[in-house]
Ligand SMILES: Cc1cc2nc3c(=O)[nH]c(=O)nc-3n(C[C@H](O)[C@H](O)[C@H](O)COP(=O)(O)O)c2cc1C
């Protein structure tokens, strides 16, 4: 299963590579709808912003980061309350996800425009949760790092909720059923097929066979 990198044939099959300018091509990345709300004046209303620059950064405590330009309306909202919710995007939400990434909450109410529903978050006081999202991570900002183009918000995940229809009969979260969307070089893609599981490359053959059979049967549901 592990490729033999010492084999002489490997050398002949090494593909040629083309250099590019350094750029932000880490791919694929999740694309998410972040919901937020400020506290004062015109910031005191619900908003949604599409972000592709979000990532997990710590396990204990669970933390993630988002990178937001200062020019976005969402930026002062998140700054003011120190709260935001990362809502995962499924195929039903992809139109709204694109729209919320090209229109500003300064000009319209994006929840209304996309016919989406803001519901109170479980633990946050200001930022709402997007009811239609498969899974939402409620976050409180710990630290803000100002980078040349974006501000990097490092945040603790204080609560997680998911849509009830994403539970399998045994009561476990079935995220593979969520039809989540990834972002790849300017395009939205679905995730159509499971290729393996954590540690599959070193799994004992009977374990590998059993687990992959379970996954394939599960995906037929
Ligand atoms: C696919 C996609 C990914 C985006 N990712 C980011 C991002 O990571 N950070 C950011 O600041 N803006 C990002 N944007 C742009 C904002 O979503 C966009 O400027 C939005 O209109 C800002 O809304 P607001 O002014 O209501 O906050 C992205 C847009 C799209 C379409």
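The values are calculated or read from the model by the stated rules, or taken from the named source; none is laboratory data. All values reported here derive from a predicted model rather than from experimental measurement. All Cβ positions, glycine included, derive from the backbone under ideal geometry; neighbour counts span all protein chains shown.
The table for this structure:
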quantity	calculated
Exclusive hit being in contact (Cβ under 8 Å) with a residue 12 or more places away in the chain, assigned to a loop (DSSP other than H, G, I, E, B) and at negative phi, set 194, 139	194
Those residues of the range 161-187 which are more than 16 Å from the ligand (Cβ to nearest atom), surrounded by 16 or more Cβ atoms within 10 Å (Cβ to Cβ) and part of a strand (DSSP E or B), in sequence order	161, 162
Among the residues listed as 179, 122, 172, the single one being touching a helix residue (DSSP H, G or I) at 6+ places or on another chain (Cβ under 6 Å) and within 30 Å of residue 218 (Cβ to Cβ)	179
Filtered residue count, the range 144-160, keeping only those that are assigned to a strand (DSSP E or B), free of Cβ contacts under 8 Å to residues at least 60 places away in the same chain and under 21 Å from residue 71 (Cβ atoms)	2
Filtered residues of the range 192-221 (kept if modelled with pLDDT of 95 or more and within 23 Å of the chain's Cα centre (by Cα))	196, 197, 198, 199
